[in-house]
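Trainee: Here's a structure for you.
Values quoted throughout were computed directly from the atomic coordinates according to the rules given, and no laboratory measurement underlies them. Keep in mind that this is a model prediction, so the values were computed, not measured. FYI the Cβ positions are ideal-geometry reconstructions off the backbone, even for glycines, and counts take in every protein chain you see.
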Amino acid sequence: MEQSTFLRKGLLYLQPKKTAMPEIPFPVDTWNRQFEQNDASGILTFFLQYFGGKIAFSSSMGAEDQVITHMISRINPKTSIFTLDTGRLFPETCDLIQSTGVRYGINIKVYFPDTAKVEEMVTGKGINLFYESVENRKLCCHIRKIEPLKRAFSGLSAWVSGLRKSQSVTRNGIQTVEWDETNRLVKINPLASWTEEQVWNYIKENKIPYNPLHSKGYPSIGCMPCTRAIFPGEDIRAGRWWWENSDSRECGLHVKE
Ligand code: SF4
């Protein structure tokens, strides 16, 4: 924290500089209490209606996201659903974008990175720059993911994500409803309290399409060069940016600044 210093009675005291709390224009805490006992579908029903055309679902086509797409297609299939094509996705993920759209009769909008920025980055740092340093990896994620996400968020008041608490150490503090100060949006995590078992039971019961890589040791799937299969007993996100420390393994989409 930034600090200011002042002298009193000959001693040097450190006093935290007062910083204004962000003004949150929505009753996030009240909603969390209200929806403590609600099921994911009930939570989605409320917020899709509450925010109308100002809410969108950001899907990475993972197992949790497929559960949410299924629920949304039953609640309101006209809801805006989008995904990010970084240019480095697995072919299986591209196939799933296509087959999910067909299965549910929905249009999943695909956002792409800025071509000029990708070209400049790759020319300057190499096509696989992300293996060289965390800084390079974050730059790549920023250009290929964060910037397109900002465009997708334009004009919204809220977004839905498929995060679960038990996915990783970086996610165990998430709540069902959060204020995303970085993007100044309400963030809804309807599956925050779900277990992995619940996700897969729901997928099987409802015959929801999913990425075949999940059956080949990939519980969490991102870009192809940055995702590997995990070994038995490993954390479910151990295959993401596996060469980095576990506390830096987020692409920035869900990081609170
Ligand atoms: S996951 Fe890897 S390839 Fe994908 S945007 Fe991030 S660094 Fe780039």
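Trainee: Tell me which aspartates and glutamates have Cα within less than 20 Å of LYS204's Cα, excluding those fewer than 8 residues away on the same chain?
Mentor: Once the sequence-local aspartates and glutamates are set aside, what remains near LYS204 is ASP39, GLU64, ASP65, GLU92, ASP95, GLU196.
Trainee: Give me LEU156, LEU44 sorted ascending by neighbouring Cβ count inside 10 Å, so fewest comes first.
Mentor: LEU156, LEU44
Trainee: If we count every other residue with Cβ under 14 angstrom of ASP85's Cβ, Lys/Arg +1 and Asp/Glu -1, where does the sum land?
Mentor: So the environment of ASP85 carries a net charge of +1.
Trainee: Same structure again: Enumerate the calculated ³J(HN,Hα) couplings along region 36-48 in order (Karplus 6.51 cos²θ - 1.76 cosθ + 1.60, θ = phi - 60°), each rounded to whole Hz, writing x wherever the residue is Gly or Pro.
Mentor: Ordered by residue, 3J(HN,Hα) equals 3, 9, 6, 7, 4, 5, x, 5, 4, 4, 4, 6, 5 Hz.
Trainee: Next up: Quick one: 3J(HN,Hα) in Hz for region 194-208, Karplus 6.51/-1.76/1.60 with θ = phi - 60°, rounded, Gly and Pro as x.
Mentor: 6, 8, 4, 4, 4, 4, 6, 5, 5, 4, 5, 4, 9, 6, 7
Trainee: Now a separate question. Past 19 Å, Cα to Cα: identify those pairs from LYS78/LYS207; LYS54/LYS187; LYS54/LYS109; LYS54/LYS207; LYS187/LYS216, in the order given.
Mentor: LYS78/LYS207; LYS54/LYS207; LYS187/LYS216
Trainee: Counting pairs of alpha carbon atoms under 8 Å apart in space and at least six apart in sequence, what relative contact order in percent does region 134-199 give?
Mentor: Relative contact order comes out at 31 percent.
Trainee: Using helices alone, what [θ] at 222 nm do you get for the chain, with -39,500 (n - 2.57) per DSSP H run of 4 or more residues, divided over all residues and rounded to the nearest 500?
Mentor: Computed ellipticity for the chain at 222 nm equals -9500 deg cm²/dmol.
Trainee: Among DSSP beta bridges lying fully in region 38-248, give the percent that are antiparallel, nearest 5.
Mentor: In region 38-248, approximately 30 percent of DSSP beta bridges are antiparallel ones.
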